[in-house]
Amino acid sequence: AHFGAADRRNELRDRMAAAFAKTDGAIAAVLTVLLTSPEFFAADSRGTLVKSPVHLLVGTCRLLNLDVTPTPSLAQVTAAMGQELFNPPNVKGWPGGRDWISAGTLAVRYHLPEALFDGREPAGFEPLAPDRVLALPADPEARRRLLATLQENDRKRREERKKDGFKVSFDPAKALGGAVPGKAADLVAAVVARLFVVAPPAAAVAALVDAVAGAPPGDRAKLACRLALTTPEYQLA
């Protein structure tokens with residue numbers, strides 16, 4: 001797939017390459033070929049890409065019409081998912097695709113609602129271990145000073161991340177673009193229609209309905225969105 005467009009025989013790739021050569025490298029012409037191609041709109045082009053951390057975070061805020069004040073703490077969520085803003089690993093950029101998913105980054109992705117809905121630091125945000133050194137000094141006092149310095153550096157990093165917090169608010173009516181359905185099944189259907197490129201399996205939808213039906217009416221919209229964001233299907237674009 002090229003930019004999410006199914007192109008198993010590389011026909012779209014070849015047309016894009018021809019446009020690039022014909023126009024002496026005009027990117028607008030290349031993108032015109034891509035964005036007007038039947039491959040780009042084909043059914044098997046949907047749900048083929050893993051959302052980048054920026055796509056996941058910003059896209060969620062836009063889809064749910066969240067009121068967001070950008071803060072360093074919020075920006076660090078993308079870093080915890082593997083995409084530190086303005087700091088790619090090299091000039092090529094981030095590898096992307098399935099490389100976005102690992103045991104560590106998936107934990108942050110699934111706990112993203114904690115930042116967006118609760119204003120809390122997502123689980124998995126902390127590193128798996130504190131700073132390490134290859135060897136500790138033999139002298140007890142030097143060892144104590146080094147360990148104290150490492151602990152202080154870790155504390156400062158945590159405080160720096162938290163000082164601005166997560167200034168995000170969720171409004172059910174804004175999130176769903178109007179009145180919030182009263183029935184759990186209708187509410188889940190509205191959330192699925194709004195959030196998913198490819199709908200989750202029927203069993204997953206049924207589980208969402210059961211969970212939402214058991215919640216107080218005032219909490220149902222947020223719960224439905226929260227659970228939707230933690231599904232595997234929501235990770236795809």
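The values are calculated or read from the model by the stated rules, or taken from the named source; none is laboratory data. Since the model is a prediction, treat every value here as computed from it, not as a measurement. Here the Cβ is made from the backbone with ideal geometry for all residues, glycine too, and neighbour counts use every protein chain on show. Areas reflect the complete protein model, heavy atoms only, side chains present, ligands, DNA and RNA absent. Shrake-Rupley method; radii C 1.70, N 1.55, O 1.52, S 1.80 Å.
Somewhere in region 74-83, is a residue in contact with a Pro (Cβ under 6 Å, 6 or more places away or on another chain) and either modelled with pLDDT under 90 or among the aliphatic types (A, V, I, L, M) (or both)? Yes, region 74-83 has at least one match.
The rows are residues; the columns are (1) surrounded by fewer than 12 Cβ atoms within 10 Å (Cβ to Cβ); (2) modelled with pLDDT under 90.
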residue	(1), (2)
His111	no, no
Phe125	no, yes
Ala142	yes, yes
Arg161	no, yes
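Within region 11-28, the set of residues being outside any helix (DSSP H, G or I) and open to solvent by less than 50 Å² (accessible area, probe 1.4 Å) comprises Gly25, Ala26.
Pairs linking a residue in region 68-94 that is loosely packed, with under 12 Cβ neighbours inside 10 Å to a residue that is of a type in the set (D, E, K, R), with Cβ atoms under 6 Å and 6 or more positions apart or on different chains, are Thr69/Lys167.
When Ala190 is tested against the conditions (1) modelled with pLDDT of 95 or more; (2) among the small types (Gly, Ala, Ser); (3) within 25 Å of Leu57 (Cβ to Cβ); (4) surrounded by fewer than 15 Cβ atoms within 10 Å (Cβ to Cβ), the lone failure is (4).
Quick check, is Val205 open to solvent by less than 60 Å² (accessible area, probe 1.4 Å) and touching a helix residue (DSSP H, G or I) at 6+ places or on another chain (Cβ under 9 Å)? Spell out the reasoning first.
Working: open to solvent by less than 60 Å² (accessible area, probe 1.4 Å): yes; touching a helix residue (DSSP H, G or I) at 6+ places or on another chain (Cβ under 9 Å): yes.
Yes, satisfied.
In region 103-118, the count of residues that are touching a helix residue (DSSP H, G or I) at 6+ places or on another chain (Cβ under 9 Å) and part of a loop (DSSP other than H, G, I, E, B) is zero. Taken over region 34-67, the criterion of being buried (at least 17 other Cβ atoms within 10 Å of the Cβ), outside any loop (DSSP other than H, G, I, E, B) and without any contact (Cβ under 8 Å) to a residue 40 or more places away in the chain is satisfied by Leu34, Glu39, Phe40.
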